[in-house]
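Accompanying notes for the structure given below.
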Amino acid sequence: MADHRNGSAQPANGKASAAGTAYTIDLKTFQSRLKAFYLHWNEHKSDLWGSSDAIAIACPPPSDDLRYLKSSALNIWLLGLEFPETIMVFMKKQIHILSSQKKVSILEAVRKPAKDAVGVDVVMHVKAKNDDGIALMDTIFRAIQAQSKADGYDTPTVGYILREAPEGKLLESWAEKLKSANFHLNDVTNGLSSLFSVKNNEEVTSIKRASYLTTSVMKNFVVPKLMDETEKVILEPLKVNCKLKAENVDICYPPIFQSGGEFDLRPSAVSNDELLHYDSASVILCAVGARYKSYCSNIARTFLIDAVPLQSKAYEVLLKAHEAAIGSLRPGNKMNAAYQAAVSVVEKDAPELVSNLTKSAGTGIGIEFRESGLNLNAKNEQIIKEGMVFNVSLGFQNLQSESIKSKGKHFSLLLADTVIVNKDKAEVVTSSSSKALKDVAYSFNEDEEEEKPEIKVDADHGDPFMSKTTLRSDNHEISKEELRRQHQAELARQKNEETARRLAGGGSAAGDNRASSRTSTELVAYKNINDLPPPRDVMIQVDQKNEAVLLPICGSMVPFHVAFIRTVSSQQDTNRNCYIRIIFNVPGTAFSPHDANSMKFQGSIYLKEASFRSKDPRHISELVQSIKTLRRQVVARESERAERATLVTQEKLQLANNRFKPIRLSDLWIRPVFGGRGRKIPGTLEAHVNGFRYSTTRQDERVDIMFANIKHAFFQPAENEMITLLHFHLHNHIMVGNKKTKDVQFYVEVMEMVQNVGGGKRSAYDPDELEEEQRERDRKNKINVEFQSFVNRVNDLWGQPQFSSLDLEFDQPLRELGFPGVPHKSSVFIVPTSACLVELIETPFLVVTLSEIEIVNLERVGLGQKNFDMTIVFKDFKRDVLRIDSIPSTSLDGIKEWLDTTDIKYYESRLNLNWRQILKTITDDPQSFIDGGGWEFLNLEATDSESENSEESDKGYEPSDVEPESESEEEDSDSESLVESEDEEDEEDSAEDSEEEKGKTWEELEREASNADREKGDESDSEEERRRRKAKAFGKSRGSLSSSMPKRAKLR
């Protein structure tokens, strides 16, 4: 399954590279393994190492293909990772290394450990960038000749890997010089295979972890879903609940799925492009291999669909033979004993199938997927040792069944497991994925089976098997709706248990950590009377410097800080007298509730409003404008200061130096935009050591985003949109200009906004039009490529070990799963990603982390509605729910499927629910919520069936037709009682009293008069007319709902 798919076996999943400066060699491991290498060489010099005086290992350039080479394996085994285009020559007293300067700088660390371990000197040969390395090779050859002469030999024997063809100019030159030199050349492949065959405890642990991942993927992902995304799941272990770091894992080979009568059991097999077959007598072969820290594991299983007797019998014989082969893997036995044991079982139980048995029972496995020399075939007489690891793979090929359908006539069977040889017995580390017949046989046509006569089986073969799972469908396909319903039922159980645990532990009590802004007592215009400006005429003055308004009261100038002024207005009467009216913020009123002033100066008398008359209308107008402008500036400044006071302190950005050049992306616009006047200019985004910096040519326009503060990073190329963007959703707020935000976006417009003012319609075949469209496509593609390159380089940077704990990677929206909706005020296109639900084009942005979602309730579903609403309830019950309105009903099935595949429990309801009251009831009495079945009160089917018999007991939760937008709504309904209580009515009464007591502006007085006129008109209307107007207003805000719609029964 892997010979030709050979990639650089770099550490873990290949994300680290020797060319990078972040990697360091484990010197303790290097020392012990170098000692083992020289010891093995000395002990088996004649039989395995070809009597070599020197061993030359040339590692080829990196490749995008998966491949397993002995040279790469030695690099990884000895040094921890692969060093591409590096030549190593091992001799008795020296080790010569020829490589580039960057790699040599890493390898310098092995000089002293090599000397201490085996007493050899490490000689480095640095190849310049434009050098062919011939002179350095001659130096190494002279060193080999000198050692041979010192040992008394005229012609030295050099060991090399015969089967590895040279790649690249450096290795081709080395191979030519090696063959033309006066050396005896011998193949050392067997020596390296023997060296790698016995694993120590650290290597065995890596193989066990790789096997754990392989088995988890097979059991938890492949079997339930049989999907093409198996490779992605291997690379993201958390998707199958494996707590392994993603940077340490990789695939051994692309996962293999075969069915439909065409099977290939060779290790080099690949999946074909055909869909899997679920017809009667179909066979599906699945093979999955994963690596952990470069060590491989493998598993293969065969699944039978409505199996015929021949298939069942053949599988049972194969299973028995496979177990016999594993049982013979004991220290001291010969390797051919495993294959002989398998053949003996087949000859006894099904001699007619011996010719169909594979010619090998597997191979050794480790850093290489297939360790040459460790084949479990009939000819290999090598001795099995403790610590060896095998991929035991056995199968029947080209069998023919009694099926009528042509594609089912020919089938093959395959089983493979990873097995570690221990002192007493073999350990199957992939055994948790069952291979028993009852666990791999499925019946998709139970009704037809009932009509068939019973299968007669000989006594020797036992009773007929029973299928593990029976799935019914008209076309032999699993019903998606049925599977989704079953999965949602299981999610409901898990969600209720999780919520009960969280509520029991007080997990939902996380409230807002909002810091209070500065109180008005901290705002002081003048510290003492001497700071007042010199008196001029007895008239109102505005002191811009001290942010004060001086009012003439009883002949004296009395200062007031502008922040204490609530409103200022002017009016002119018929006698041309102008009036200016100033209303102050008074502690204790509805608009200025109890603050520090009322507590500090209890019993004090406050000035509520002041009015002045003037004969100069121009002066009054200037005063009003000056006061309003000054007040607006002060409020904006204090608001920004209050926002900054709540910010979390960020670490300092470490700028890149000469060794690490920053990754740049130029000519970007930023959202939210910087404040201030003047023309907006684009800037440059740079990735430094620990964060990003965006800056323009203006010194005050700069934003730093730390990597540690990034919660989600998104890259959205332009397709149907006008912009290509990078978006960062942060853990903690930062300031962009004078705005506090958790979302920062950098974008480029890929098309120019052009409007044809001529009014004429241009032809679709107009050359100018075609040329313009081509220019736009080229520009869009160029920008997308530039952004993609930046994203790839940043992803590589984030893949380094120091950032592994941040788990950062650019996520890309999945447009095919998107749907239109209204999360705020306008309709936008909302798109899921692998970890979020986002809308990144229109502001305000929408970013919802899927792991923070408790449940989703789909509201206004059914009843012939053209659209529905989605309510997202978060795990933090103190947080308001998110509502996405007006989603087209055509998107309903797609949203259900997406929610189900992301393991999010969803419910459906016919009306909108009052979530504020529901969450308040849950947090007030969580035990009643748990005892009442948790979220099952939202189960539409269950509640409809129970509502008739349980009206009196259903008092906990009750849906409302409309969720109130504010506390001032007046509606006499059952749901309204859940929103308003007697205490709230008292608060409203007190608020109304305070409203009457405070001074009112002329605009407010006019509004009250018009409202009073409207109320009088309403009283004269009939109840039916008022109800009609109310329904009309309700329809505008929520979409049309029939007034005759029956109320849904109360929910528990």
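The values are calculated or read from the model by the stated rules, or taken from the named source; none is laboratory data. In this text, all values refer to a predicted model and were calculated from it rather than measured experimentally. Here the Cβ is made from the backbone with ideal geometry for all residues, glycine too, and neighbour counts use every protein chain on show. Keep in mind that these areas ignore ligands, DNA and RNA; they rest on the heavy atoms of the full protein, side chains included. Shrake-Rupley method; radii C 1.70, N 1.55, O 1.52, S 1.80 Å.
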*What is the one condition in (1) in contact with a Leu (Cβ under 9 Å, 6 or more places away or on another chain); (2) assigned by the TED database to the domain that holds Gly364 that Ser268 does not satisfy?*
(1)
*Which of the residues belonging to the stretch 669-708 are more than 22 Å from Thr649 (Cα to Cα) and in contact with a Pro (Cβ under 6 Å, 6 or more places away or on another chain)?*
Trp669
*Hits in the stretch 854-871 (condition: out of contact with any helix residue (DSSP H, G or I) (no Cβ under 9 Å at 6 or more places or on another chain) and under 18 Å from Ile830 (Cβ atoms))*: Glu859
*asked:* I need the full set of residues from the stretch 782-798 which are open to solvent by 30 Å² or more (accessible area, probe 1.4 Å) and in contact (Cβ under 8 Å) with a residue 24 or more places away in the chain, in order please.
replied: Glu786, Gln788, Arg793, Asp796
*Taking the stretch 401-417 as the search range and keeping residues that are of a type in the set (A, V, I, L, M, F, W, C) and either modelled with pLDDT of 75 or more or within 40 Å of the chain's Cα centre (by Cα) (or both), which one is nearest to Ile299 (Cα to Cα)?*
Ala416
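If you go through the stretch 910-929 one residue at a time, do you hit one that is closer than 19 Å to Val838 by Cα and open to solvent by less than 40 Å² (accessible area, probe 1.4 Å)?
Kept after step one, since they are closer than 19 Å to Val838 by Cα, are these residues of the stretch 910-929: none.
No: zero hits.
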_Test result for Glu164, within 23 Å of Ser294 (Cα to Cα) and either at pLDDT below 90 or not aromatic (Phe, Trp, Tyr) (or both)_ = yes
_Flag if Pro166 is surrounded by fewer than 17 Cβ atoms within 10 Å (Cβ to Cβ) and touching a residue at least 60 places away in the same chain (Cβ under 8 Å)_ = yes
*So, in the stretch 653-673, of the ones that are modelled with pLDDT under 85 and open to solvent by less than 100 Å² (accessible area, probe 1.4 Å), which residue ends up nearest to Glu842 (Cα to Cα)?*
Ala656
*asked:* Let me spell it out: the conditions are (1) assigned to a strand (DSSP E or B); (2) within 28 Å of Phe715 (Cβ to Cβ); (3) touching a helix residue (DSSP H, G or I) at 6+ places or on another chain (Cβ under 9 Å), and Arg879 meets all of them except one. Which number is the exception?
replied: (1)
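Select, from Ala269, Ala281, Ala287, the only residue that is hydrophobic (A, V, I, L, M, F, W, C) and closer than 16 Å to Gln400 by Cα. Break it down into steps so the answer makes sense when it comes.
Values: Ala269 fails: closer than 16 Å to Gln400 by Cα; Ala287 fails: closer than 16 Å to Gln400 by Cα.
Among Ala269, Ala281, Ala287, only Ala281 is hydrophobic (A, V, I, L, M, F, W, C) and closer than 16 Å to Gln400 by Cα.
Check Glu842, Glu786 and return the single one that is under 28 Å from Thr684 (Cα atoms), modelled with pLDDT of 90 or more and assigned to a loop (DSSP other than H, G, I, E, B).
Only one candidate passes the filter, namely Glu842.
Does at least one position in the stretch 892-905 carry a residue that is over 31 Å from the mean Cα position of the chain (by Cα) and among the charged types (D, E, K, R)?
Step one: filter the stretch 892-905 for residues over 31 Å from the mean Cα position of the chain (by Cα), giving none.
So far as the stretch 892-905 goes, no, none of its residues is over 31 Å from the mean Cα position of the chain (by Cα) and among the charged types (D, E, K, R).
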*Say whether the condition of being in a helix (DSSP H, G or I), in the same structural domain as Ser148 (by the TED database), open to solvent by 60 Å² or more (accessible area, probe 1.4 Å) and more than 30 Å from Asp131 (Cβ to Cβ) is met by at least one residue in the stretch 184-193.*
yes
*Which residues, counting only those in the stretch 841-888, are open to solvent by 50 Å² or more (accessible area, probe 1.4 Å) and touching a Phe, Trp or Tyr at 6+ places or on another chain (Cβ under 7 Å)?*
Glu852
_Residues satisfying the stated conditions in the stretch 563-580, i.e. outside any strand (DSSP E or B), touching a strand residue (DSSP E or B) at 6+ places or on another chain (Cβ under 6 Å) and open to solvent by less than 40 Å² (accessible area, probe 1.4 Å)_ = Asn577
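Assess whether Ile57 counts as being assigned to a strand (DSSP E or B) and either touching a helix residue (DSSP H, G or I) at 6+ places or on another chain (Cβ under 8 Å) or touching a residue at least 40 places away in the same chain (Cβ under 8 Å) (or both).
Values: assigned to a strand (DSSP E or B): yes; either touching a helix residue (DSSP H, G or I) at 6+ places or on another chain (Cβ under 8 Å) or touching a residue at least 40 places away in the same chain (Cβ under 8 Å) (or both): yes.
So Ile57 fits the description; yes.
Could you check, for the stretch 95-105, whether at least one of its residues is open to solvent by less than 60 Å² (accessible area, probe 1.4 Å) and closer than 20 Å to Asn42 by Cβ? Give the derivation first.
To start, the set of residues in the stretch 95-105 that are open to solvent by less than 60 Å² (accessible area, probe 1.4 Å) comprises 95-100, 103-104.
Retained after the next criterion (residues that are closer than 20 Å to Asn42 by Cβ): 95-96.
The answer is yes, given that some residue of the stretch 95-105 is open to solvent by less than 60 Å² (accessible area, probe 1.4 Å) and closer than 20 Å to Asn42 by Cβ.
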